[in-house]
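Notes follow once the structure below has been shown.
No value in this document is a laboratory result; all are computed from the given coordinates. Every value quoted in this text rests on a predicted model; they were computed, and no experiment measured them.
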């Protein structure tokens, strides 16, 4: 097993606030699908921001590919630029990362910042538009797109840089069922192509389709449990204890009935596998 992230005793607190992550030990191996779950406010998004190098632990350590992840490390050559190319973060709200006048310019922005030759930029844009089935959106302004289209464009703007790690914050939030299914299928194909996927989600229905291993954070901001997704999701008592499901009660005539209720499929959409391999730089397994 090849560790890509290693965290020991990691803790983080925003200035003037109590810690929102405490004593976190975690190893993420290359090519795995890991999900982060927990009640709102437990620290899932903060952990993704730390893994993306946008925040840094207030105590404990975190390493990426054996190198301590710190502000100074990200300013050093060649590690800093390599890390930024290797790790992509998809925000829950795609409006947070879409800012160019058109979809085509949005996709070209990253490769241009890397100072790639114009013909390489153009090739990557065309391949990514095709891969994501958004070629018909190339001249549209991102702000005018639907929620599902924005999500695909935001993800495309990451994939065009050929990352090895994708960090996904509630990637299916706000999407209709068809868009959810299409996105989950695409993420499955990216995992098969060798990308490491770390997904924060509280959608208990979709979690088995998004990950193989699950890390659950509890409301005191510590790790409550870690293990196979299906094993943890089968433990209803545990899920209730960490506020991921609750007893939903309703009446049938004179009887009151209760059952667990969660806070919250799949078919092939025919993505171009040759382009997928070209963009990721990896062979599908």
Rg/Rh for the stretch 161-218: what does it come to with C-alpha atoms and Rh from Kirkwood?
0.95
Please work out how much length the chain gains when fully extended from residue 77 to residue 23, using 0.36 nm per residue of separation minus the C-alpha to C-alpha distance, in nm with one decimal.
16.4 nm
With each run of n ≥ 4 DSSP H residues scored as -39500 (n - 2.57), what mean residue ellipticity at 222 nm is computed for the chain after dividing by its residue count and rounding to the nearest 500 deg cm²/dmol?
-9500 deg cm²/dmol
Using alpha-carbon pairs under 8 Å, 6+ residues apart, how would you state the relative contact order of the stretch 1-59 in percent?
36 percent
P(r) over all Cα-Cα pairs of the stretch 183-244, 5 Å bins from 0 to the longest distance, whole percent per bin, short to long, reads 4, 16, 28, 24, 14, 9, 5, 0
For the stretch 40-84, compute the orientation-averaged projected area of the C-alpha convex hull (one quarter of its surface), in nm².
3.4 nm²
Inverse mean reciprocal Cα-Cα distance (Kirkwood Rh) of the stretch 1-48, Å
12.0 Å
Determine the principal axes of the Cα atoms in the stretch 129-173, then give the extent along each, sorted from largest to smallest and rounded to whole angstroms.
28, 23, 14
In Å and whole numbers, how far do the C-alpha atoms of the stretch 55-115 stretch along each principal axis, longest first?
41, 28, 16
Going by a ≥ b ≥ c, the root eigenvalues of the Cα gyration tensor, does the chain fall in the rounded group (a/c under 1.5), the prolate group (a/b larger than b/c) or the oblate group?
oblate
Could you work out, for the stretch 90-175, what percent of all Cα-Cα pairs fall into each 10 Å distance bin, beginning at 0 Å and stopping at the bin that holds the largest distance?
19, 54, 25, 2
Any chance you could tell me what percent of the C-alpha pair distances in the stretch 62-210 go past 23 Å?
38 percent
Using 0.36 nm per residue of separation minus the Cα-Cα distance, give me the extension gain between residue 205 and residue 173 in nm, one decimal.
10.3 nm
Taking N as the number of residues in the stretch 46-148, what is its alpha-carbon radius of gyration divided by 2.2 N^0.38 Å?
1.27
